[in-house]
Every structure is written in C-alpha cells, then in structure tokens.
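Novice: I'd like to ask you about the structure that follows.
Quick note: the coordinates plus some simple rules give every number you see, no bench work behind them. Predicted, not measured: the structure shown is a model, and the values here were computed from it. Quick reminder, even Gly has a Cβ in these numbers, built from the backbone with ideal geometry, and neighbours come from all protein chains shown.
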Amino acid sequence: MAGITQRSVRRIVARYNTLGPAGVEDRRPRNAGRRRRLTDEQHATLLTALKGRAPDGGLWTGPKVAAFGRQQFGLRMGATLGWVTLKRLGGRLVAPRRRHQKAADDEEQEAWKDRLACTLERTRRDALLIGARVEVWAQDEARLGLKPVVRRVWRFEPGRPLARTWHKYEWLYVYGFVHPSSGRTHWLILPCVDTELMSLALEEFAREVGAGRRTRILLVIDQAGWHISGEVRVPEGIELVPLPPYTPELQPAERLWPLLNEAIANEAIASLDELETELSTRCCALLARPQEIQAVTNYHWWPKAA
C-alpha cells in the first residue's frame, strides 16, 4: 500500500525503535519537501509581488518565480521549484472572467438584488388583493449560426479530435425564457432581434404562461435596445425588470446557452433550415428536463415566488 519493500519497512521500524519519531524523518539531502525554502517574510514578499506584474512587465510563470527567488533572496531555485512554489502558495492558473469597463460594481449589483426583492414583495401585495399569483422569470437571446460551435469532448484515442468547420455568416436567434425556481422554460427561434420581434416573443410567452390579471410575471431582462425601447409592446400581466448595465452574471437565462449548444457542438451544419431543426429538437428535449435547468439557473439569491 505504501509502495515500499518489506526490507525498507524493517529499516524504518528499526530506526523508530532506536530514535523515536525523529528516526522516520525524510533524510534525503536533496529532497525539496524536507524543509521550506522560503521564510515567512520571504513568502509575504513574494505574495505581494505576485499580485502585480512580473519584473519583466509580463505575466508570472514558474521560471519567473524561480528567477525572483534567485535575485531577491539568493536562493538556488530552478524553474520546476518556481512552479511548485506557486502551487504551495495556493495559486491556481485560471482565466479572468471578462467584465465590461462600464459594468455595475458589486455594491450596485447587491442594491439591484434588493430592489428586485422589493418589487416582488410589492407585486405580491397587489396580487393578493385580487387572488393572483406571481412568478419571476428571466429572458435573453443567443445568436447561433452556421459557423460551428467548438466544445471540449472526451477523447480515448491518441491525438486531438477534429471538428469540421467553415466560415458561414448566417444565423438564427433563440429567445429563451426560464423560471429558475422550477426550471420551466419557453423557447422561440426567430430570424433576428428587434423591437417588433421582441413584442411578438413577449406576446407568445404571455399566452404560453397565462400572464394576465390572475398571473403576474416579473421578467428580468438586460438593457439591450430592443428590450427597453418604448416601442416594445408589453402584454398585460408582465412587468419588465432591467438588469444593471453589463452584468450577465446576474442573468439566469445566460446559463441556458451551454445546454442548448450541446446539440450542435463540433458539427458543421449546412443550412439554416437544418440548424432550426436541430435547435428545435434540443429545445423540446430541454423542456422535459426542468431539474437540469433549475440546477444551473436557480441562483441562491434568486427570489422564491409562488
């Protein structure tokens, strides 16, 4: 189980019987795990440096950390030890999440969540007077076209798999509505996005969920022009709730697209008719999987509505 021979075990036991716990310490003189190369003060200095750019103005790497250790602390550090040091300091190699320069900051986002809760409470009080129910939905659009979507897949043979692609700039738009608390969805496939088609989508959605006097819908949308334009016709029973600017992380409907894309990932689709067929089939499949939808869209802070 330990990966050592019986002879080694006997030697370890003999040293333990003679010297106690000190007898089983690692005595390999060149083992990096035997002692810490950096003191607490050096660790703090390195962590401070790692929060900025590397000395050459670029990004930090294992070799650059090793060079920093040699120059600043006079240590003998190779490139591998630089990488190990990054891991020991708790570092993870991750890609930053993009955020627009004009996006709402964390404080503004929290304030919006509070406003959403207050809007829901107000709507509930008004609906209670007439015996209506209230639901909170979210809506967004995705542009999917003939230029293939490339996704990672499991590979069990040597080499990388191939995904046949071509550059065709034709596309459709999928309008997705989601009720995060239950995982219910409503899908529309339309040729473009504008105020007229947004109005038609809202009308179809209102008819599907029965929005009106007895069912009130708070619909969370982003601030795209065709969402907040005064020309959009909003059916009775639906109240649009715009998100703060440039905050897709607050939009549950954004989480629908990876699930939808699976049907066409790594496939070269020849025509928009074929694309529409594939997307329609996938949308119908997702309608029957509300638990999977709920698992990715029902944020912990999302208000629970009746």
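Novice: What's the lysine pair count for the chain at a Cα cut-off below 17 Å, pairs eight or more apart or interchain? Walk me through the intermediate numbers first.
Specialist: Numbers: Lys51/Lys64; Lys51/Lys87; Lys64/Lys87; Lys113/Lys304; Lys147/Lys168.
Close lysine pairs under the 17 Å cut-off: 5.
Novice: Which length gain, in nm to one decimal place, applies between Val9 and Leu47 when the Cα-Cα distance is subtracted from 0.36 nm times their residue separation?
Specialist: On the way: separation 38, 0.36 × 38 = 13.68 nm, distance 3.99 nm.
So the chain would gain 9.7 nm between Val9 and Leu47.
Novice: Eigenvalues of the Cα gyration tensor times 5, then square-rooted: what semi-axes does that give for the chain, in whole angstrom, largest first?
Specialist: After diagonalising the Cα gyration tensor, the semi-axes are 54, 26, 23 Å.
Novice: Okay, moving on. Looking only at the chain, where both bridge partners belong to it, what percent of the DSSP beta bridges are antiparallel (to the nearest 5)?
Specialist: 55 percent
Novice: Lys/Arg Cβ at +1, Asp/Glu Cβ at -1, dipole of the chain taken about the Cα centre: which of Pro55, Pro258, Ile217 is farthest positive-ward?
Specialist: So the residue we want is Pro55.
Novice: So, one more: Amide H neighbours of Asp222 under 5 Å, at least 5 residues apart or on other chains, H built in the peptide plane: list them.
Specialist: Leu243
Novice: Oh, and also: Roughly how many Å is it from the Cα centre of region 1-15 to that of region 201-216, as a whole number?
Specialist: Measuring centre to centre over Cα atoms gives 74 Å.
Novice: Charges on Cβ only, +1 for Lys and Arg, -1 for Asp and Glu, centred on the Cα centroid of the chain; of Leu19, Leu243, Pro158, which one is farthest towards the dipole's positive end?
Specialist: So the residue furthest toward the plus end is Leu19.
Novice: Can you divide the C-alpha Rg of region 6-88 by 2.2 N^0.38 Å and report the result to two decimal places?
Specialist: 1.50
Novice: Follow-up. Can you list, largest first and rounded to whole Å, the semi-axes you get for region 136-228 by taking the square root of 5 times each eigenvalue of its Cα gyration tensor?
Specialist: Numbers: eigenvalues 230, 64, 20 Å².
Semi-axes, largest first: 34, 18, 10 Å.
Novice: Next up: For a quick check: with amide H placed at 1.01 Å from N, whose amide H comes under 5 Å from Ile238's, ignoring anything fewer than 5 positions away on the same chain?
Specialist: Placed amide hydrogens put Ile217 under 5 Å from Ile238.
Novice: Now for a different question. Where the eigenvalues come from the Cα gyration tensor of region 117-188, what are the semi-axes √(5λ) of the equivalent ellipsoid, largest first, in whole Å? Numbers along the way, then the final one.
Specialist: Working: eigenvalues 376, 55, 15 Å².
That gives 43, 17, 9 Å for the three semi-axes.
Novice: Test of understanding: ordering Lys64, Lys102, Lys87, Lys113 by Cβ neighbours within 10 Å, fewest first, what list do you get?
Specialist: Lys102, Lys87, Lys113, Lys64
Novice: By how many nm would the segment from Glu25 to Ile130 grow when fully extended, if each residue of separation counts as 0.36 nm and the alpha-carbon distance is taken off? Spell out each step's value before the answer.
Specialist: Details: separation 105, 0.36 × 105 = 37.80 nm, distance 7.65 nm.
Length gained between Glu25 and Ile130: 30.2 nm.
Novice: Which net charge results when you count Lys and Arg as +1 and Asp and Glu as -1 among the other residues whose beta-carbon is under 15 Å from that of Leu272? Display every interim value, and only then the final one.
Specialist: Working: positive: Arg143, Lys147, Lys168; negative: Glu170, Glu267, Asp273, Glu274, Glu276, Glu278.
It works out to a net charge of -3.
Novice: Here's a follow-up. If I model a spin label as a point 7 Å beyond the Cα along the Cα-Cβ vector, how far apart are those points for Arg88 and Thr165 in nm?
Specialist: Label at Arg88, label at Thr165, 4.1 nm between them.
Novice: Another one. Residues with amide H under 5 Å of Val149's amide H, sequence separation 5 or more or different chain, H placed in the peptide plane at 1.01 Å from N; which?
Specialist: Residues meeting the amide H criterion: Asn266, Glu267.
Novice: Ok, one more. Quick check: convex hull of the Cα atoms in region 41-92, volume per residue, rounded to a whole Å³?
Specialist: 69 Å³
Novice: If we count other beta carbons within 10 Å of each Cβ, what is the order of Val241, Val134, Val178, fewest first?
Specialist: Val241, Val134, Val178
Novice: Give the separation of the Cα centroids, region 232-306 to region 84-135, in Å.
Specialist: Taking the Cα centre of region 84-135 as reference, the centre of region 232-306 is 18 Å away.
Novice: Also, quick follow-up: Hey, fewest Cβ within 10 Å first, where do Val94, Val220 land in order?
Specialist: In order of increasing Cβ crowding within 10 Å: Val94, Val220.
Novice: Follow-up question, since we're still on this one. What number do you get for region 1-144 when its Cα radius of gyration is normalised by 2.2 N^0.38 Å, N = residues?
Specialist: Here the answer is 1.97, to two decimals.
Novice: A follow-up question, please. Only helical DSSP H runs with n ≥ 4 go in: add -39500 (n - 2.57) per run for the chain, normalise by residue count and round the 222 nm mean residue ellipticity to 500 deg cm²/dmol.
Specialist: -12500 deg cm²/dmol, from helical runs alone.
Novice: Something else now. Assign unit charges at the C-beta atoms only (+1 for Lys and Arg, -1 for Asp and Glu), then state the dipole size of the chain relative to its Cα centre in Debye, rounded to the nearest 20.
Specialist: 3060 debye
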